[in-house]
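The values are calculated or read from the model by the stated rules, or taken from the named source; none is laboratory data. Since the structure is predicted, the reported quantities are computational estimates derived from the model, not experimental observations. Here Cβ is always computed from backbone atoms with ideal geometry, including for glycine, and neighbour counts include all displayed protein chains. These area figures cover heavy atoms from the full protein model, side chains too; ligands, DNA and RNA do not enter into them. Shrake-Rupley method; radii C 1.70, N 1.55, O 1.52, S 1.80 Å.
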Amino acid sequence: MTERNVHRKVRRNVCKKECRKRKKDTMRKAVSGWTACALLVSLVFLCTACGQSGQEDGSAAADIGSVLQEEAGDPVELKIMYFFDLNTPGTHYHDLWEELAAEKGYKLKITPCSTEQIKDKLRTALACNELPDIFVVWGGGYPNFLFDANACLPMQDYLEASDYKFKDIYVVPYKDGNNYIIPCLVEAYAVTYCNQNLMKQMGLEMPQTWEELVELVEQVNAYNERHRTNFAAIELGDKDNWLAELLYDMIVNRIDPYAFDKLQSGEYQFDETPVFADAADKLAQLVDMGAFPEDFIDTGEVEAIENFVHGEAVLFPHQSTIVNYLIDNMGAEAFTLESFPCCSSEFDPDYAAYMMDINHSLTPGFCISANTEHPEEAAKLCLEFAERVNEINVTQYGYLNMEKNSKLQEPGHLAAPAVQLQEMVSGAKKQTAFWYALMEKEEGDDWRRLIKKYLTKAVTKEEFLQEGRRIFGGGE
């Protein structure tokens, strides 16, 4: 049997197995509807790589616009799979789809997922030739398998014909010269949120060095002991397998902002270069000190966000896309947006100028299936959706503008954290990639699982470094 035939056979078997499982699950239980949360305009640009706890299968589908069917005849029907509303405390995407469906008279069958769910759903749908008409992908190298399989329509003609023009940085072609993504979400950056109320209450200051961070953890622990409270020094929730990786990457980036570049080029080896062992030691030190909530391994990203909003932690390493949600729900004066402290042995006064770009090479957005029956309608719908999202981001929140030659005006007064973010981005000397963004899915998932094993002491530091070498190359 040829290699090509083997691949075909494997693909058929995967399809049959997954489709049988899906039918069995459908017969076994009805899919429940998902509960709408409070309207969240500020999180329309979330990208990161993180899942939602509490959702059984994320496949609650809603038919929208069917009320217009009698008036407009048979409407355009489009299936849409997306993940943002199930990753954040809100339903903005669903609401905006509903608004556009009503305006255009379309019938949209929407499947909301978490990012962890959509990773598997898209691969299964590709194997079964059942990709939805429109689906959302995040940035970096993740969607490559879809592009390489010719599963997505090239979008450059639609992008060029549209009156709405993206800045060039958001429409960088794939390696084959095609644009497969209609951008919708601006770049996200790794930042650290600081609860100012708790800082004042405990007499703390934002740490700038690793030693100061350790001292902050000790002070929070002492405060808890004196007052019989249970505040966390650092909020963290790794149930969705990405916030712990983000923290480890941030520590490495604060020791050596060029470490990941050198790891990718082969100049550094994961188990031989001290920076990676040093970062592992620091991560373990935080665990041993009780810097995180006791149940952080079983805490989802959304729950972690809400914990911070409700004042349960002093610091929160996350990404910049939740800044406006925090402003809306905490107040602009309740927190600041900071850089994670310098972690090198010698203090680098420029540590804050080395930022981590969550999505890196590709901007998250919409892909359209190569098999859709309505390519033009799907493309125009996505472009209009993206335009409205950008308008909301810029005019209501002063977030980064994706539109070229834009006439959109920021609000007259920007909240302090939003100004901080703009200053951080404009002053950045280097933007390091979030590691997962440049990794193949299998390797990236192995890497995230390894971080969790290390945090729970299921592997030793030596095993962590050896397995890291295998994942990042350089031998078994």
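Here are the numbers:
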quantity: Value of relative contact order over region 295-452, rounded to a whole percent, pairs C-alpha under 8 Å and six or more apart; calculated: 31
quantity: Residue-normalised accessible area of region 390-432, expressed per residue, 1.4 Å probe, Å²; calculated: 53
quantity: Carbon/sulfur fraction of accessible area - region 319-476, other protein chains in place, 1.4 Å, %; calculated: 44
quantity: 5 angstrom amide H check on residue 193, placed H, neighbours 5+ away; calculated: 316, 318, 338
quantity: Cut-off under 5 Å, modelled amide H: who pairs with residue 299 long-range; calculated: 238, 239
quantity: Long-range amide H partners of residue 76 with built H, under 5 Å; calculated: 107
quantity: Region 300-336: GluC sites (Glu not before Pro) falling in loop per DSSP and having at most 10 other Cβ within 10 Å; calculated: none
quantity: Exceeding the 25 Å Cα-Cα cut-off - candidates 109/165; 380/407; 262/429; calculated: 109/165
quantity: Most to least packed among 195-205, 243-253, 213-223 [average Cβ atoms within 10 Å]; calculated: 243-253, 213-223, 195-205
quantity: Charge sum, other residues only, whose C-beta stays under 9 Å from residue 343's C-beta, Lys/Arg counted +1 and Asp/Glu -1; calculated: +1
quantity: Student exercise, region 138-214 dipole from Lys, Arg, Asp, Glu Cβ charges, in Debye to nearest 20; calculated: 160
